[in-house]
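Nothing in this text is a laboratory measurement; each read-out follows from the coordinates by a stated rule. Everything quoted here is computed from the prediction, not taken from an experiment. Cβ atoms come from the backbone with ideal geometry, glycine included; neighbour counts cover every protein chain shown.
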Amino acid sequence: MFGTLRRAGLAVLLAVVAAFTGTMAAQAAPAAAAEVACTSYTNVSIGGGWYLHVPSLGGNSGNYNCVVVRGHKGFPTLVLQESLVACYEQYVGPKGPDSDFGGNTEHAMRNAQIRINQPAVKVDGRFGPITSSYFTFQAYDHNNGGSHTGLCYRR
């Protein structure tokens with residue numbers, strides 16, 4: 001009889017400990033921030049009518065707290081690909097920049113992150129806020145119809 005009570009008591013004690021530690025672990029774990037896709041780009045003036053096109057959350061918002069990752073399409077991907085080609089001499093696909101973030105762009109992004117060579121920049125093939133702060137972007141001449149200058153700058 002005492003053996004049965006001890007086993008039952010032990011089972012209850014283990015259940016309480018498991019519930020308590022599970023609750024503590026849930027309280028201790030920080031909430032994961034949801035990633036938001038970049039939806040446009042911001043024109044960052046570098047003087048003389050030249051601008052950098054930097055992927056951002058909204059057009060000319062200056063909000064760089066967003067990502068451009070595999071599967072994304074559109075202007076944020078296009079301006080990223082153009083900078084990968086012009087500033088990092090990377091291959092982004094057989095047609096060049098095409099606004100489609102696929103495997104070639106992901107590989108090019110990894111290579112760029114390796115060249116950036118900063119401890120804060122994770123080599124993962126994804127373009128996010130940290131990579132953006134160290135990334136070199138192609139300059140566009142807005143006095144000349146937005147033509148590519150072939151020159152590159154950090155924002």
Q: Please find, among Tyr91, Tyr134, Tyr64, the residue that is closer than 16 Å to His53 by Cβ and either in contact with a Lys or Arg (Cβ under 7 Å, 6 or more places away or on another chain) or of a type in the set (Ser, Thr, Tyr) (or both).
A: Tyr64
Q. So which residues in the range 138-150 are surrounded by 15 or more Cβ atoms within 10 Å (Cβ to Cβ) and either out of contact with any Asp or Glu (no Cβ under 7 Å at 6 or more places or on another chain) or on the phi > 0 side of the Ramachandran plot (or both), if there are any at all?
A. Ala139, Tyr140, Asp141
**Q.** Some residue of the range 43-61 being closer than 17 Å to His142 by Cβ, within 15 Å of the chain's Cα centre (by Cα) and of a type in the set (A, V, I, L, M, F, W, C)
**A.** yes
(Q) I want to confirm something. Restricting to the range 79-137 and keeping residues that are part of a loop (DSSP other than H, G, I, E, B) and touching a Phe, Trp or Tyr at 6+ places or on another chain (Cβ under 8 Å), which single residue is surrounded by the most Cβ atoms within 10 Å (Cβ to Cβ)? (A) Phe135
